[in-house]
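Please read the structure below before turning to the comments.
Since every read-out is calculated from the coordinates, none of them should be taken as a lab result. These numbers come from a predicted model, not from an experiment. Neighbour counts are summed over all protein chains in view; Cβ atoms, including those assigned to glycine, are modelled from backbone coordinates with ideal geometry.
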Amino acid sequence: MRSGHIKWEIAISINQKHVEESIQDHVVTLDPSEPVWERVFMVAPLVLVGSREEDGSFDLAPKHMVLPLSWQNHVGFVCTPRHQTYQNIKREGTFTLSYLRPSQVLEASLAAAPRCENDQKLAVNVIEQFPATKIDGTFARDGYLYFECELDRIVDDLGVNSLIVGKIVAAHVHEDSLRANDRDDQDLIHSAPLLAYLHPGRFATIGETRSFPFPAGMKK
């Protein structure tokens, strides 16, 4: 009888500990067998990736998984071999990046439209564009930052995805977004707000920021 009572007390103790640990700091454990990115919001840029089609025309495709990949001029984005963007860049060896403003959300939506039966993306023609300078490519007009890139490498087999890495060979920035010693960073961002994509499916305008409290003497 005593043995059964002890076992019951141990079971209650273990269960209470589990409950206490599971609600500690109000943290919920997600199932890693499923993609976790759909369960929370994360801040990312919204960029149109330009690539040259096989027929010589140009495509623009919206991507948010875009990031610097070195302290030098390497940049990358996540794609998939199923997309024409991947195939175009692998074949041509070049691509462009147009960083969009908050006023260009509709253009990003148009660029995400599916292709027609003839494999053309007619919605891209609605987006005003201008040519790149060093590579055979095009940009979306009225963005704030533009990169012309040569393909450095492709990292495949990240699940169904791939990481496309580019070396920036030319960079252009609108003068209203260019940092300068005689201009306060907050004033710049306030006058030229940034577009943030909040996956999955939301966006925001960033117009107010604070200086980050780096420790004294910190170096790269």
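With n ≥ 4 as the cut-off for DSSP H runs, can you work out [θ] at 222 nm for the chain, using -39500 (n - 2.57) per run divided by the number of residues, rounded to the nearest 500?
Helices in the chain give a 222 nm mean residue ellipticity of -6000 deg cm²/dmol.
Through the Karplus equation 6.51 cos²θ - 1.76 cosθ + 1.60, θ set to phi - 60°, convert the phi angles of the stretch 203-218 into ³J(HN,Hα) values in whole Hz; use x for Gly and Pro.
Taking θ as phi minus 60°, the curve returns 9, 8, 9, 9, x, 10, 9, 10, 5, 7, x, 5, x, 4, x, 5 Hz for the stretch 203-218.
How far is helix 2-23 tilted, in degrees, relative to the longest principal axis of the Cα atoms in the chain, given as a value from 0 to 90 rounded to the nearest 10?
20 degrees
Where does each of L194, L158, L97, L67 land when they are ranked from fewest to most other beta-carbon atoms within 10 angstrom?
Fewest-to-most ranking of L194, L158, L97, L67: L158, L67, L194, L97.
Among A44, F147, G137, whose Cα lies farthest out toward the positive end of the dipole of the stretch 36-206, if unit charges sit on the beta carbon of Lys, Arg (+1) and Asp, Glu (-1)?
Sorting the options by dipole projection puts first A44.
Give me, ordered by chain and number, the residues 5 or more places off A192 or on other chains with an amide H under 5 Å from its own placed amide H.
none
Can you put F212, F95, F41 in order of Cβ neighbours within 10 angstrom, beginning with the fewest?
So the ranking, lowest neighbour count to highest, is F212, F41, F95.
Treat every Asp and Glu Cβ in the stretch 103-163 as -1 and every Lys and Arg Cβ as +1, leave all other atoms uncharged, and give the resulting dipole magnitude about the Cα centre to the nearest 20 debye.
160 debye
What pairs from K121/K167; K63/K121; K90/K167 go past 19 Å between their alpha carbons? Display every interim value, and only then the final one.
Working: K121/K167 27 Å; K63/K121 16 Å; K90/K167 14 Å.
Going by Cα-Cα distance, K121/K167 fall outside the 19 Å limit.
Can you list the HN-Hα couplings for the stretch 50-55, worked out from phi with the Karplus curve (6.51, -1.76, 1.60; θ = phi - 60°), rounded to whole Hz and with x for Gly and Pro?
Along the stretch 50-55, the couplings run x, 9, 8, 6, 5, 8 Hz.
What order, most packed first, do the peptides 176-182, 87-93 have when packing is the mean number of other Cβ atoms within 10 Å of each residue?
Top of the packing list down: 87-93, 176-182.
Tabulate in residue order the Karplus-calculated ³J(HN,Hα) for the stretch 156-171, using 6.51 cos²θ - 1.76 cosθ + 1.60 with θ = phi - 60°, rounded to whole Hz; enter x for Gly and Pro.
Here the 3J(HN,Hα) series is 8, 6, 8, x, 8, 10, 9, 9, 9, 10, x, 9, 6, 9, 7, 9 Hz.
Charges at C-beta only: +1 for Lys and Arg, -1 for Asp and Glu. How large is the resulting dipole of the chain about its Cα centre, in Debye rounded to 20? Before the final figure, lay out each step's value.
Details: 22 positive and 30 negative charges, 124 e Å.
For this selection, approximately 600 debye.
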